[in-house]
1. Report, in debye and to the nearest 20, how large the dipole of the stretch 510-573 comes out about its Cα centre when Lys and Arg carry +1 and Asp and Glu carry -1 on their Cβ.
2. At a 10 Å Cβ-Cβ cut-off, how would you order His92, His471, His423, fewest neighbours first?
3. Could you list Leu450, Leu503, Leu329 so that the one with the fewest beta carbons within 10 Å of its beta carbon is first and the one with the most is last?
4. Taking loop as defined by DSSP and a crowding limit of 16 other beta carbons within 10 Å, which trypsin sites (Lys or Arg not before Pro) in the stretch 477-573 fit?
5. With a point put 7 Å past each Cα toward its Cβ, work out how far Ala573 is from Ser267 in nm, to one decimal.
6. Does the stretch 506-573 classify as rounded, prolate or oblate by the C-alpha gyration tensor (a ≥ b ≥ c root eigenvalues; a/c under 1.5 gives rounded; else a/b over b/c gives prolate, otherwise oblate)?
7. Please state the charge dipole magnitude for the stretch 403-534, taken about the Cα centre, from unit charges on C-beta atoms (+1 on K and R, -1 on D and E), reported in debye and rounded to the nearest 20.
8. How do His473, His479 line up, fewest other C-beta atoms within 10 Å first?
Amino acid sequence: MDNQNSKYVKTEFDLLTYKVNGMAMQAHNELKPGHAEKFYQRRLDALCRENGLASEMEKRVEVWIADKMIGYLILDLWIEECLVVECKAFSHALSVNDAGQVMTYLTATGSQVGMLYNFGRRSLDFKRIFPPKDVQDWQKFLYRVIHAKPGMVLPPLPEPRGKGNKPSAPIPPIRFNVISKATTIVSVPSPSGAAIRASIHRAEQASQAKTDSDEQSLSALSSVSPIRYPLQKSVDKSAYSDSGVSIAAGNRTVDLMKSAVQATYNSSVLAGIGSFGGLYDASKLKEFTHPVLVASTDGVGTKVKLAAAAGRYRGIGYDIVNHCVNDILVQGARPLFFMDYVATAKLVPEVIAEVVTGVAEACQEAGMALLGGETAEMPGVYQLNEFDVAGTIVGVLERDNILPRENLQAGDVLIGLASSGPHTNGYSLIRKIFADAPLDTFFYELNCTLADALLAPHKSYLRLLQSVITHPHLKALAHLTGGGFIENIPRVLPDNLDAEIQLNSWKVPPLWNFIQQKGDVATEEMYQVFNMGIGMILVVDKESVSEIQKRIPEQTFVIGKLVVGKKKTRLLA
């Protein structure tokens, strides 16, 4: 590596790094020290785009060991598909570990140079980083920066050469997969102290290699010469693109999200992404005595505006999926498949792919397939930098298990399950109340930033309730969405019953008191707009309350009961 004070090493990428350095200095001069690194990252990304450079934020690189993907790396910026940029915002000087992080990214992408910036000091601190010459120089940094998949165990690092007079123990070959339109695969042999013989492979060549065995694939990859990246990409130019719609951006968006979507597929998916319509094998319904399909469609609402402002997109994918999962769960159904719809004024492939990746991950957690969807670019319909997300879910249940049951009666008990935040409702009021507060503002009342409190993903209750969903004494479920307690509980009640809610029966999280005070909102309106810390309510026979609570693997709250009435919710202080 080198820095401002060391001897300059010339490379074929000097013009590009010179330009990026100038823009990094501009970002530092504009913002000054003191911000979180994401703000410098976003500004540098914007400046690169304004100056005609192709720039991607939070570029994803899959990490494979043998035949298993163990996790992924996230590059702050990936410029012109050849330059790795890592942004820091430290008050102290850059360290060897920071340089090692970039060194790992260079190995993973096959790139020849990377830039490491520290925006947190009075003067911009930067270093050029070059690929390591030896495996030992970078692998020790890999495990520090990898985002490992849950349940994956990383192989042990090789012992330093010569330790105990024993050779280094080999580990399986490592393969990196750069997800992009022109997929790049970098293969690194099992570390044995030898110099890196990393080879790079384009997507069209890799597709043929995938048909061979792993051993043949790795052998084929090792024979390919390193590629040279052009500094400028071809421009998507047509009458259609001049009107504001980019076919190339749409295709790139699909490429970026494809692997995440396909990870949700199971044996029932016959045709998914890329087809005119998703095909789902319905033969499993034969397992049911009297199968009933349940479908629901919903959107995330204006929470997307906060997500866009904060640059946090993946959680929105979880929001739409988990909201829909909960909506069919209250009728007793388990999900089969999901379809999403994302619309925006101008496609930014990385943003849309991040949203859909969140959708795919939430679908995986729910055990259902993301069967397909639609990404729409509609300039003139949406404002620039705005987007909308909606989704449709289809699930199934036995007809005899449909909720709510017809035997609800006075004396039945209401059990509440905690929410994870506002979920997906009440954001128009929330945005009005906090219109003047930056999302990165830390509030001591909340013990977190405003963005952390407001953008927590919508909680799914599927796994929590799977052990009680068919219990004969579970009579109804109410998902507290738009309308809060006042509107949602009556949806499952007969005309002759009311729900009494004892307001002191659970501890309302600080966020709700903070919202009420800041917005001067009446208590009854709070319970009509928000979930107030309770996201799902169970109606159970009073004799089975303890049994059902024990079956649910988290804390629950007895928050009220059913009484004779007129299908309303009563709030009791």
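Taken together, the values in this text are just the output of simple stated rules run on the coordinates, not laboratory data. No experiment lies behind these values; they were computed from the predicted model shown. Heads up, the Cβs are rebuilt from the backbone with ideal geometry, glycines too, and the neighbour counts pull from every protein chain shown.
1. On the way: 9 positive and 7 negative charges, 48 e Å.
Result for the stretch 510-573 is approximately 240 debye, rounded to the nearest 20.
2. Numbers: His92 10, His471 17, His423 25.
Ascending Cβ contact count within 10 Å gives the list His92, His471, His423.
3. On the way: Leu450 21, Leu503 15, Leu329 29.
Exposure proxy ranking, most exposed first: Leu503, Leu450, Leu329.
4. Working: sites: Arg491, Lys507, Lys518, Lys542, Lys550, Arg551, Lys561, Lys566, Lys567, Lys568, Arg570; in loops: Lys507, Lys566, Lys567, Lys568.
In loop regions of the stretch 477-573 (DSSP not H, G, I, E or B), the sparsely surrounded trypsin sites (Lys or Arg not before Pro) are Lys507, Lys566, Lys567, Lys568.
5. 6.0
6. Working: a/c = 3.26, a/b = 1.51, b/c = 2.16.
Judged from the Cα gyration tensor, the stretch 506-573 comes out oblate (a/c at least 1.5, b/c at or above a/b).
7. Numbers: 9 positive and 13 negative charges, 88 e Å.
Charge dipole, the stretch 403-534, about its Cα centre: 420 debye, nearest 20.
8. On the way: His473 17, His479 20.
Final ranking by Cβ density, sparse to dense: His473, His479.
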